[in-house]
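What follows draws every value from the coordinates through simple rules; no lab data is involved. Note that the structure is predicted; figures quoted are calculated from it, not measured. When we count neighbours, we look across all protein chains shown, and the Cβ atoms used for this are built from the backbone with ideal geometry, even at glycine.
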Amino acid sequence: MVALKLLSAGIVVMTEAWWSTFFDETVAALILSELRPGELDFVVEMLNLQPGHRVFDQCCGWGRVAGPLASRGYSVIGVDASLPLIKAGASRWSDGDISLLHRDAADYVASPKCDAAINLYTSFGCSTDDLYNLRVLKRLAESLKPGGRLLLDLMNPHRVLNGFQPIFRQEKPCGTVVERKSELIDEKTALFQDWLFQLKNGERFQRSGVTRLYTEDEVESFLKWAGCKPMDIFGDFKGSEFGPESERMIWLART
């Protein structure tokens, strides 16, 4: 799981499980967003959630979805490898039946099993090791009751490749400048990104991450391998038909 990549600034070494140390309170506030209108309704509808249902949020972060689901009355358990995000979520979401745990998604199976499960916002495929990613998906499926539904949300690889941006720069309202350098690696099957943050006070710090760009055929095969039956594929959280220019690639499947 260690990636060694050469960029213009020199050699960048990706440490194991980079996603566990990428976020702190500052980075999370700068690049993580709240739910957009309609996203939670889409999740509830696609998962066919009913009163009393238990939901597993794999790679839950600070509870962007887990918290609002709990507020609607569902029982939610979420896990994430980032301790700062788990702590932030635990302090934010105090209402409802919600548990946020600091765990590696590849090793955790929800108990008791859940009626539905989610892995959203490009949390799947954070390793260039396909076997590790398959373990994550297998744990997601194993956390479901027979017939339980899951949503798996990934980057649309066609959109990434067709509209590839090597450099993205943005100044936040707080005065922080965020610069992201991207590179397609491993024969364009993965996206390496190097983030540079410059705060208004002049402080600078850097983060790096990599994400596998899986095709729809690959994801369909992975879901079947994990013991799931693919039901549909969408291009966004509005339920649009999936295509090459779709914003996202969102799979609905069941066990």
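Test of understanding: in a Gaussian network model of the chain with alpha carbons linked when under 10 Å, which of Phe237, Phe164, Phe222 would top the mean-square fluctuation ranking?
Fluctuation is largest for Phe164.
Give me the Kirkwood hydrodynamic radius of the range 57-189, using the inverse of the mean 1/r over all pairs of distinct Cα atoms, in Å to one decimal.
By the Kirkwood definition, the hydrodynamic radius is 16.5 Å.
Using the count of nearby Cβ atoms within 10 Å as a rough guide to exposure, how do Ile233, Ile86, Ile77, Ile167 rank from fewest to most?
Neighbour counts put them in this order, fewest first: Ile167, Ile233, Ile86, Ile77.
Express in nm, to one decimal, how much length is gained between Gln165 and Asp104 on full extension, taking 0.36 nm for each residue of separation and deducting their alpha carbon distance.
That works out to 18.9 nm of additional length.
Would you mind checking the radius of gyration and Dmax of the chain based on alpha-carbon positions, in Å?
Calculated on Cα positions, Rg and Dmax stand at 17.9, 54 Å.
Normalise the Cα radius of gyration of the range 147-255 by 2.2 N^0.38 Å (N = residues in it) and let me know the number.
1.31
Starting from the Cα of Asp41, step 7 Å along the direction of its Cβ; do the same at Glu245; then give the gap between the two resulting points in nm.
So the two model labels end up 2.6 nm from each other.
Write out the GluC sites (Glu not before Pro) in the range 172-255 meeting two conditions: DSSP loop, and at most 16 other Cβ atoms within 10 Å of their Cβ.
The qualifying sites are Glu187, Glu203, Glu245, Glu247.
Could you give the length gained by full extension between Thr189 and Val177, i.e. 0.36 nm per residue of separation minus their alpha carbon distance, to one decimal place?
Fully extending the segment from Thr189 to Val177 adds 1.5 nm.
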